[in-house]
Amino acid sequence: MNADSRSRLNQTPEWTALGKHREELADTHLGDLFATDPGRGAGYTLQVGDLHIDYSKHLVTDETLRLLRELAAATDVFGLRDAMFRGEKINITEDRAVLHTALRAPRGAVVEVDGENVVPAVHAVLDKMAAFADKVRSGEWTGHTGRRIRNVVNIGIG
């Protein structure tokens, strides 16, 4: 399944099954899950490098995880992940590659989109951003009043 032909996530039977499961868990208390499964803390915890993920304190069961895996398979999450790494246009709204990998790639890496390595262009923009941030932090760049900028509000997209 490619990005253009994939089903809408919330229109799949797997999504419906997950919603039904959520309703079935509505009266479930987290304490009860721990009481019935003393190993829950360890069983619902992952360690990936320095990243520690503990989802034992969320309303998640083995059934929840099974249903999530089915939803991921039905919507081709792994295929889309691979397409993202290949630089394919998986952002169907804007008809472009998402470039998450290029944004995080080291300077010497190659991430091709339409046959062109986009990493140098991405790093050129990152360098401009770093230079601007350095000017703001040092006080060289000031606000319209001429005073040093002390507070920044960052509103991101996507």
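Return yes when Val119 is outside the structural domain of Arg22 (by TED's automatic domain parsing), surrounded by 12 or more Cβ atoms within 10 Å (Cβ to Cβ) and either in contact (Cβ under 8 Å) with a residue 24 or more places away in the chain or charged (D, E, K, R) (or both) and no when it is not. Reasoning before the result, please.
On the way: outside the structural domain of Arg22 (by TED's automatic domain parsing): yes; surrounded by 12 or more Cβ atoms within 10 Å (Cβ to Cβ): yes; either in contact (Cβ under 8 Å) with a residue 24 or more places away in the chain or charged (D, E, K, R) (or both): no.
When the stated conditions are applied, Val119 does not pass them.
Those residues that are in a helix (DSSP H, G or I) and in contact with a strand residue (DSSP E or B) (Cβ under 8 Å, 6 or more places away or on another chain), I need them from the range 52-72; list them, please.
At the first step, the residues of the range 52-72 found to be in a helix (DSSP H, G or I) are 62-72.
Those that are in a helix (DSSP H, G or I) and in contact with a strand residue (DSSP E or B) (Cβ under 8 Å, 6 or more places away or on another chain): none in the range 52-72.
Take the residues in the range 26-41 that are touching a residue at least 12 places away in the same chain (Cβ under 8 Å) and either exposed (fewer than 14 other Cβ atoms within 10 Å of the Cβ) or assigned to a strand (DSSP E or B) (or both); name whichever of them is nearest to the chain's Cα centre (by Cα).
Among them, the one singled out is Gly41.
I need the full set of residues from the range 83-103 which are touching a Lys or Arg at 6+ places or on another chain (Cβ under 8 Å) and without any contact (Cβ under 8 Å) to a residue 24 or more places away in the chain, in order please. Before the answer, list the steps.
Within the range 83-103, the first condition is being touching a Lys or Arg at 6+ places or on another chain (Cβ under 8 Å), and the residues that meet it are 89, 95-97.
Passing the criteria: Asp95, Arg96, Ala97.
Give the range 63-119 a look and list any residue that's hydroxyl-bearing (Ser, Thr, Tyr), within 30 Å of Ala17 (Cα to Cα) and at pLDDT below 95, or say none.
Thr75, Thr93
Suppose the filter is loosely packed, with under 13 Cβ neighbours inside 10 Å, over 30 Å from Leu33 (Cα atoms) and more than 19 Å from the chain's Cα centre (by Cα); does Val110 pass it?
Numbers: loosely packed, with under 13 Cβ neighbours inside 10 Å: yes; over 30 Å from Leu33 (Cα atoms): yes; more than 19 Å from the chain's Cα centre (by Cα): yes.
Yes.
The values are calculated or read from the model by the stated rules, or taken from the named source; none is laboratory data. Remember, it's a predicted structure, so these values are computed and weren't measured experimentally. Virtual Cβ from ideal backbone geometry, glycine too; neighbours counted across all protein chains shown.
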